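The values are calculated or read from the model by the stated rules, or taken from the named source; none is laboratory data. The shown structure was predicted, so the numbers you read here are calculated from the model rather than taken from an experiment. A quick note on method: Cβ atoms are made from the backbone with ideal geometry, for glycine too, and the neighbour counts reach across all protein chains shown.
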Amino acid sequence: MDLDSGAVVAAEIHEANQGDTTTLGKTLKATEDNLKQVSKTPPCPDDPVDLVADEGYFSRDLLKRLDGSPWHSRIVRHTIAGDHAVGETMQDFCFKTTDQDTLVAALEMLGLTKDGQVLGDWLYIGRVPQTPGVYDANGTATTPPTYLNGEYAVYRATDAQAAVILGSNLPLGVAIVNPPDGIPLFGGEWLQPDLATLQAEACARIDAAAEALRQTVLTPGTGQMAVYQTKETQARAILQDPEPDETKYPDIYNEIGITADSVQEVAMAVLAAAERWRLFGRSIEKARLAGKKAVNAAVDQAALNAAETAVVWPALP
């Protein structure tokens with residue numbers, strides 16, 4: 001509509017599964033064609049016309065396409081007040097999930113629900129058709145439609161909410177995916193998290209879990225570690241010495257009657273404890289390396305989540 005005269009210059013009808021940012025280009029093309037028929041000075045890149053639209057048409061990709069066109073953007077950029085800073089942009093995420101309850105539970109863990117309701121704008125779409133059905137004149141399906149695996153939803157997030165989503169470790173059954181054909185498009189832009197960043201974060205979590213597990217069997221302090229190493233050295237030597245005495249192996253003799261009843265038994269107990277730790281440490285290291293390898297081989301976030309969740313840590317010795 002021309003805001004000065006109120007005249008309708010284009011009235012295009014688009015399919016319901018096409019979002020505003022997708023259809024605007026077609027509408028503008030029809031507008032240009034119509035104005036060329038009635039105006040001697042239709043919009044052109046050298047003399048662009050202001051284009052006013054609501055927030056549903058806002059996306060950075062669309063603004064880039066309008067740059068250098070006959071249209072000078074006056075598209076509203078969505079802002080909200082309250083708990084969020086005014087001026088935050090809205091960004092879209094497409095979730096693939098097994099069912100709605102699983103997705104809502106995942107959003108609840110991220111603090112994106114209140115009283116069981118999802119905060120902000122979201123649309124649970126459910127199953128998405130892959131091929132349309134064929135129907136006869138009576139509306140009876142002669143060829144039923146087929147559907148993509150899983151169910152889908154779109155979520156419009158603020159910058160703060162997007163940071164929470166991108167920094168999260170989504171549970172099995174929920175993944176961020178590229179929107180398939182047929183998904184309605186909100187006024188933001190589709191965001192796919194950077195896989196390399198997610199992989200680095202997952203590897204850091206695996207490293208931290210491995211270290212935490214090691215610390216459960218290590219006594220804090222370099223001094224105590226030095227004591228353990230001295231005892232192990234003495235234990236190895238004493239079992240090879242035909243004439244051991246307390247002056248040569250004071251740490252082993254110090255534990256007679258505490259750890260075991262004889263010097264040889266104390267030495268064997270010390271070595272057995274050291275070997276248990278080494279076996280435990282090797283198992284931790286094997287799980288850590290295998291987990292990081294699987295994470296770095298993941299081709300999407302769903303595979304990454306599965307790889308991280310599949311890490312099997314050894315039981316405490």
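Criterion first (at pLDDT below 75, over 30 Å from R156 (Cα atoms) and not β-branched (V, I, T)) does D33 satisfy it? Walk me through how you get there before you give the answer.
Numbers: at pLDDT below 75: no; over 30 Å from R156 (Cα atoms): yes; not β-branched (V, I, T): yes.
When the stated conditions are applied, D33 does not pass them.
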Please verify whether the stretch 286-296 includes one or more residues that are surrounded by 14 or more Cβ atoms within 10 Å (Cβ to Cβ) and within 12 Å of R214 (Cα to Cα). yes
Could you check the stretch 228-268 and list, in sequence order, the residues that are small (G, A, S) and either free of Cβ contacts under 8 Å to residues at least 12 places away in the same chain or farther than 27 Å from T216 by Cβ (or both)? A237, G257, A260, S262
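If you check G133, G126, G120, which single one turns out to be closer than 18 Å to P184 by Cα and in contact with a Ser or Thr (Cβ under 9 Å, 6 or more places away or on another chain)? First the steps, then the outcome.
Values: G133 fails: closer than 18 Å to P184 by Cα; G126 fails: in contact with a Ser or Thr (Cβ under 9 Å, 6 or more places away or on another chain).
The unique qualifying residue is G120.
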Residues of the stretch 150-164 being assigned to a helix (DSSP H, G or I) and surrounded by fewer than 21 Cβ atoms within 10 Å (Cβ to Cβ), which ones? D159, A160, A163, V164
Top-ranked residue of the stretch 267-308 - restricted to ones that are within 30 Å of D245 (Cα to Cα) and in contact with a helix residue (DSSP H, G or I) (Cβ under 7 Å, 6 or more places away or on another chain), ranked as modelled with the lowest pLDDT: A274
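Given the residues Q224, Q229, which is the only one that is over 29 Å from A310 (Cβ atoms), modelled with pLDDT under 85 and either outside the structural domain of L24 (by TED's automatic domain parsing) or touching a Lys or Arg at 6+ places or on another chain (Cβ under 7 Å) (or both)? Can you show your working first?
Numbers: Q229 fails: modelled with pLDDT under 85.
Among Q224, Q229, only Q224 is over 29 Å from A310 (Cβ atoms), modelled with pLDDT under 85 and either outside the structural domain of L24 (by TED's automatic domain parsing) or touching a Lys or Arg at 6+ places or on another chain (Cβ under 7 Å) (or both).
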Considering only the stretch 218-264, state which residues are assigned to a loop (DSSP other than H, G, I, E, B) and surrounded by 11 or more Cβ atoms within 10 Å (Cβ to Cβ). L218, L239, D241, P244, D245, E246, K248, Y249, N254, E255, T259
